[in-house]
Amino acid sequence: MIFDIKHFAVHDGPGIRTTVFLKGCPLRCAWCHSPESQNMIPDLLLNSEKCIGCKSCVDICPTNAILSPGLINKTACNLCGACADICYAGAVEKIGNLITTDEVLSTVEKDRDLLLNSGGGVTLSGGEPLAQPSFAIDLLRRLKESGYHNALDTSGYTSWSVLEQALNYTDLVLFDLKHLDPVKHRQYTGKNNKLILENLNQASKLGKRIWIRVPLIPGLNDDPEHLTALARHLQRLRVERTYFLPYHSLGVSKYESLGRKYTLSIEPHSLDQLKQVKKQVSDVIDHVVVMGIE
């Protein structure tokens, strides 16, 4: 199951890329800007500002789950998507579609010349793409057989056997790293980081190209002590580049649309703060990129 395919992506690996977003993730990062990616089943996004009150969704619902526009009995809802299909105002959107490997390949093939001529390729992202191991690995294999450069954007929270299989068909790993401290990692993502760090170490030993991606969250993982510890940890591994992705609040409205509460109340870093992060980490390791100041 996927929830999007993004064409002309320029931040998901080298060159111009087509990024396939798989649905489902074992982590629940407090800052996640794509909460619609987390569940392994489709989600309904409700945008009350777009609703015109026509009640077409109420009338068409086969299970009478829509009590009124914007108010859904989720227990009764079977996620058929009829309400989204009929809502011409765009107030209801179904996120998540079943798709075959052949269908993904057909979509990617339309971008083939652009991807190959730009030195780009295809990136699997999510969610966590390896939360759907059979589909993700088969897709990576088919893409590699078709001559594409494959990148895998992963949290690393999967079994080593699954990751190892995926790496057989992967040219570049975009490895997300949230926090080194296991207690804080569990506090802010819902999971311990032991498996993640073990998988990163194993991937490094295989000699795979690895780009680390660190979400930079104010007050959570941006203190000088953690940044220095992180840089020293990466110094011991075979890491090609390290990207810091500054916090933003652009996904907050999605939580409301999903009927969920956004728990963080923080402000993004200033430009000076981001420059200081780059300076501190660059004192320890090379090839550091802080998005937003480059």
- Query: Looking at (1) touching a residue at least 40 places away in the same chain (Cβ under 8 Å); (2) touching a strand residue (DSSP E or B) at 6+ places or on another chain (Cβ under 6 Å); (3) not small (Gly, Ala, Ser), which is the only condition HIS233 fails?
  - Reply: (2)
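Quick one: is LYS208 among the basic types (Lys, Arg), without any contact (Cβ under 8 Å) to a residue 40 or more places away in the chain and surrounded by fewer than 21 Cβ atoms within 10 Å (Cβ to Cβ)? Can you show your working first?
Values: among the basic types (Lys, Arg): yes; without any contact (Cβ under 8 Å) to a residue 40 or more places away in the chain: no; surrounded by fewer than 21 Cβ atoms within 10 Å (Cβ to Cβ): yes.
No; evaluated as a whole, the condition is false for this residue.
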- Item | Qualifying residues in segment 1-59 (those that are acidic (Asp, Glu) and touching a residue at least 60 places away in the same chain (Cβ under 8 Å)) - the one nearest to ASP138 (Cα to Cα) | ASP12
- Hey, among the residues in segment 138-163 that are surrounded by fewer than 16 Cβ atoms within 10 Å (Cβ to Cβ) and in contact (Cβ under 8 Å) with a residue 40 or more places away in the chain, which one's nearest to the chain's Cα centre (by Cα)? TRP160
- Query: When only residues in segment 249-292 that are within 30 Å of ASN39 (Cβ to Cβ) and among the hydroxyl-bearing types (Ser, Thr, Tyr) count, which is surrounded by the most Cβ atoms within 10 Å (Cβ to Cβ)?
  - Reply: SER257
- Query: Looking at (1) under 20 Å from TYR247 (Cβ atoms); (2) in contact with a Lys or Arg (Cβ under 9 Å, 6 or more places away or on another chain); (3) surrounded by fewer than 22 Cβ atoms within 10 Å (Cβ to Cβ), can you tell me which one ASP171 breaks?
  - Reply: (1)
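Just to verify a result, which residue in segment 260-285, among those that are in a loop (DSSP other than H, G, I, E, B) and in contact with a strand residue (DSSP E or B) (Cβ under 9 Å, 6 or more places away or on another chain), is farthest from GLU240 (Cα to Cα)?
Taking segment 260-285 as the starting set, the residues that turn out to be in a loop (DSSP other than H, G, I, E, B) are 260-270, 283-285.
Now narrow it down to the ones that are in contact with a strand residue (DSSP E or B) (Cβ under 9 Å, 6 or more places away or on another chain): 268-269, 285.
Working: PRO268: 27, HIS269: 25, ILE285: 10 Å.
Step by step, filter segment 260-285, then rank; the result is PRO268.
Matching residues to (1) crowded, with 21+ Cβ neighbours inside 10 Å; (2) in the same structural domain as LYS191 (by TED's automatic domain parsing); (3) more than 17 Å from the chain's Cα centre (by Cα):
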position	(1), (2), (3)
ASN47	no, no, yes
CYS51	no, no, yes
CYS57	yes, no, yes
ILE60	no, no, yes
GLY70	no, no, yes
LEU105	no, yes, yes
ARG112	no, yes, yes
ALA136	yes, yes, no
- Query: Do we have any residue at all in segment 225-232 that's closer than 17 Å to LYS279 by Cβ and polar (S, T, N, Q)?
  - Reply: yes
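Select from segment 116-134 the residues that are not small (Gly, Ala, Ser) and not in a strand (DSSP E or B) and write down the one among them that is surrounded by the fewest Cβ atoms within 10 Å (Cβ to Cβ).
So the first thing to find is which residues in segment 116-134 are not small (Gly, Ala, Ser), and the list is 116-117, 122-124, 128-130, 132-133.
When the remaining residues are screened for being not in a strand (DSSP E or B), the result is 116-117, 128-130, 132-133.
Working: LEU116: 15, ASN117: 10, GLU128: 24, PRO129: 28, LEU130: 27, GLN132: 20, PRO133: 16.
Ranking the candidates gives ASN117 first.
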- Message: Which pairs turn up if I take residues in segment 106-119 that are closer than 15 Å to PRO14 by Cα and of a type outside the set (Asp, Glu) and look for partners that are modelled with pLDDT of 95 or more and exposed (fewer than 11 other Cβ atoms within 10 Å of the Cβ) with beta carbon separation below 8 Å, at least 6 apart in sequence or on another chain?
- Response: LEU116/GLY147
- Message: Just to be sure before I move on: is GLY190 at pLDDT below 95, over 26 Å from LEU105 (Cα atoms) and surrounded by fewer than 24 Cβ atoms within 10 Å (Cβ to Cβ) in the structure I sent?
- Response: no
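The values are calculated or read from the model by the stated rules, or taken from the named source; none is laboratory data. Worth saying up front: this structure is predicted, and the values here are computed from it rather than measured. A quick note on method: Cβ atoms are made from the backbone with ideal geometry, for glycine too, and the neighbour counts reach across all protein chains shown.
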